[in-house]
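Colleague: Handing you this structure, nothing more for now.
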Amino acid sequence: MKGDRVEIVVDAGDTTRTYEVVATRAGRRVETAVRRGVVEVSEVTRSGSVVRTARFMATRVLALVEQPVPRTDAETEGDAETAA
């Protein structure tokens with residue numbers, strides 16, 4: 001969903017660095033995966049195509065903070081109606 005974002009805090013030796021991956025357009029979402037010692041954060045379209053990816057060594061990642069966009073009541077009611 002547009003506005004979803006993930007913050008990644010990485011150990012960079014004597015300091016830390018913070019990176020952000022944000023869903024920039026409507027219909028896009030941000031997905032995270034940890035595979036083989038690598039943390040991968042990707043912006044993905046509705047069809048599943050990856051737009052951009054950030055990869056970090058899992059041993060260097062200090063924090064991974066997912067921040068979804070708050071949903072309004074109208075959006076939540078619409079989801080409940082389609083699920084029923």
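Colleague: Kindly provide the set of residues from segment 32-53 that are buried (at least 16 other Cβ atoms within 10 Å of the Cβ) and of a type outside the set (S, T, Y), ordered by number.
Modeller: V39, E40, V41, E43, V44
Colleague: Being farther than 15 Å from E66 by Cα, among the basic types (K, R) and touching a strand residue (DSSP E or B) at 6+ places or on another chain (Cβ under 6 Å) is the requirement here; does R17 meet it?
Modeller: yes
Colleague: Here's a follow-up. When only residues in segment 54-63 that are over 14 Å from the mean Cα position of the chain (by Cα) and either outside any strand (DSSP E or B) or charged (D, E, K, R) (or both) count, which is surrounded by the most Cβ atoms within 10 Å (Cβ to Cβ)?
Modeller: Applying the filter and picking the extreme gives R60.
Colleague: Write out, first by first residue and then by second, each pair whose Cβ atoms fall under 7 Å of each other, whose residues are 6+ apart or on separate chains, and whose first residue, in segment 1-27, is over 15 Å from V50 (Cα atoms) while the second is acidic (D, E) and at pLDDT below 90.
Modeller: Matching pairs, first to second residue: V6/E66.
Colleague: Looking at segment 28-37, which of the residues that are free of Cβ contacts under 8 Å to residues at least 24 places away in the same chain and over 11 Å from the mean Cα position of the chain (by Cα) is nearest to V51 (Cα to Cα)?
Modeller: My answer is R35.
Colleague: From the list E31, E20, E40, which residue is touching an Asp or Glu at 6+ places or on another chain (Cβ under 6 Å), part of a strand (DSSP E or B) and not hydrophobic (A, V, I, L, M, F, W, C)?
Modeller: E20
Colleague: Quick one: which of E66, E75 is touching a strand residue (DSSP E or B) at 6+ places or on another chain (Cβ under 7 Å), surrounded by 11 or more Cβ atoms within 10 Å (Cβ to Cβ) and at pLDDT below 90? Reasoning before the result, please.
Modeller: Values: E75 fails: touching a strand residue (DSSP E or B) at 6+ places or on another chain (Cβ under 7 Å).
That would be E66, the only listed residue that is touching a strand residue (DSSP E or B) at 6+ places or on another chain (Cβ under 7 Å), surrounded by 11 or more Cβ atoms within 10 Å (Cβ to Cβ) and at pLDDT below 90.
The values are calculated or read from the model by the stated rules, or taken from the named source; none is laboratory data. The shown structure was predicted, so the numbers you read here are calculated from the model rather than taken from an experiment. Note: ideal-geometry Cβ built from the backbone for every residue, glycine included; neighbour counts use all protein chains shown.
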